[in-house]
Structure formats: structure tokens, C-alpha cells
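Below is one structure, written out as C-alpha cells; the observations come after it.
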Amino acid sequence: MKAGVSSACLYPQILERAVEDIAKCGIKATEIFINTDCELEEFYVRELRAILDYYGTECISVHPYTCSIEPMMFFSNYERRVNDALRYYSKFFKAMNILGANIFVFHGNKETLSVEESLYFDRFFKLSEVGKQYNIIVAQENVARCQCNNIPFMVNMVNQLGDVAKFVIDLKQAIRNNVELFDIINSVGKNIAHIHISDHTSTHDCLPLGMGILDVKLLLKRLKEVSFNGAIMLELYRNNFDTIEQLHENYLYLCKEIDNFN
């Protein structure tokens, strides 16, 4: 297991500045949230890679700006658009190869636009196959507003797709949908590839670590029990913290706790 901090924490700061601010304060792993199409251009991606290399920071994962339109891109009955979407997402995968990342975060379909699970799993499989061509793991996130927001869906996905079904578990999204985190781990723990971590209270669903009731030690223990060996990425919103020093402090705290389990 390793700790990291997502560039999404600093949104809407310009991406290269956000990545540099994260890297230069000593954070050694990050998730890059691509905010617009031009940030997929090769010259731009290589600039990001140069920043990471200069500070010795690793890019673990990439999050696409297109997540809000994935229902239209992947889950309609218009096959031509689906095929175009698959080709377009290869741009993200090519960028990830340059950045050195191997986890791609996928939101998928909205719950309000739910499709048959068989169709959903088929489209996810097709995207995963494209990702595989670039040695990329496509991982489904448990976003509260999306179709994969509940444990039965995740279990069915594993039953249908086996090891192809990989998940990003976002703690704040589980809180928002009243899904018990440890029940997710018990149900699909072997298929969890990536974690978005944050703290929470009964009135706030996204806080820096140490400001809520999350038992980080217990979380790490349960992840260790299911042989999780991926990244635990701090992902907050910009209004959840004051300074980047707080992100660095959370990162150091998480590194220290992870060291006790590695």
C-alpha cells in the first residue's frame, strides 16, 4: 500500500501548477485529474511527466474530465457513439502511458439512467479491453449518483466479469449513499484496485484526515486482510481545507500509518 494526494484537491487551479505544488512539497504519489481535452495533448502530458520526474513523484492514476457524460458516451443504444467513446478514451490511456499511471477511474452510468446490468457489464468489459492494450486497469468508482453505488451491483459485476471487475472505493461517496465501507470490503475486497480517502462526521461527508470519525488503522487493517496493495489517495474538495500544508500533513500521517502494515 502507498499514500498519495489527488490533483483534484486543488481544482480549479491550473493542472500543471497543481501537480507541481503537490510534488514540490514532498508528496511522492498523485492522481491526476485531467480537466479538459487539451491536457491530453502529448506535449502537455510530457510537461506534466517532467514535473513529476523533477520532484520524484509518481502518477498512480488518472481521472477523466468526461465522467459526467459517460452515460451518453457508453450506455446508449447508439453503437457508433460507443465505438467513438472507446476510441476517445484511448487518448487517456496513451497519456497514462507517458505519465506512468496504470489505474483509470471510471464513473460510468447515472443511477437515474440505469440500464440492464448485462449491457452495463458488456460496455465496461469493452472499455477494459481497450485499456488492457495499454496495460491500463479500468476501475469502477462507487459514485453515489451513479449506477454502481451499491454492493449488490458490485457483487453482480464481479460474478459476471471476474477479475476484470476492478473498483475505486471512494469513502465520501459511500457515506453519501449510506453504504457501509467495511461491507464493501467484505463483499468485493479482492477486486478493489484503488482508494479515495477522506474523513467525515455525522454532518460533513468530506474532511481532512483526523477531523472526523474515520478509524484509519482499522481501514488499513481490513484492506490488508483482503490483500489490497494499491494506492490510498487523499481526495478532498478545495473548500475542505485551507492550505496545501494540510494536504502534506495528511499525506505524512497516512504514510506513517501505512508503514505499520507494509
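The figures follow:
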item	result
All positions within segment 80-97 that are within 21 Å of K2 (Cα to Cα) and either modelled with pLDDT under 95 or open to solvent by 10 Å² or more (accessible area, probe 1.4 Å) (or both)	N97
Residue in segment 106-119 that is nearest to M157 (Cα to Cα), counting only those that are touching a helix residue (DSSP H, G or I) at 6+ places or on another chain (Cβ under 8 Å) and not charged (D, E, K, R)	S118
Considering residues of segment 1-34 that are open to solvent by less than 50 Å² (accessible area, probe 1.4 Å) and either assigned to a loop (DSSP other than H, G, I, E, B) or among the acidic types (D, E) (or both) only, the residue farthest from I197 (Cα to Cα)	E16
Residue count, segment 215-262 (criterion: touching a residue at least 40 places away in the same chain (Cβ under 8 Å) and among the polar types (S, T, N, Q))	5
Flag if E70 is surrounded by fewer than 15 Cβ atoms within 10 Å (Cβ to Cβ) and not in a strand (DSSP E or B)	no
Residue within segment 247-261 that is under 29 Å from P152 (Cβ atoms), touching a strand residue (DSSP E or B) at 6+ places or on another chain (Cβ under 7 Å) and open to solvent by 20 Å² or more (accessible area, probe 1.4 Å) present	no
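The values are calculated or read from the model by the stated rules, or taken from the named source; none is laboratory data. Just so you know, these numbers come straight off a predicted model, no measurement behind them. Note that we place each Cβ from the backbone using ideal geometry, even for glycine, and neighbour counts take in every protein chain shown. Keep in mind that these areas ignore ligands, DNA and RNA; they rest on the heavy atoms of the full protein, side chains included. Shrake-Rupley method; radii C 1.70, N 1.55, O 1.52, S 1.80 Å.
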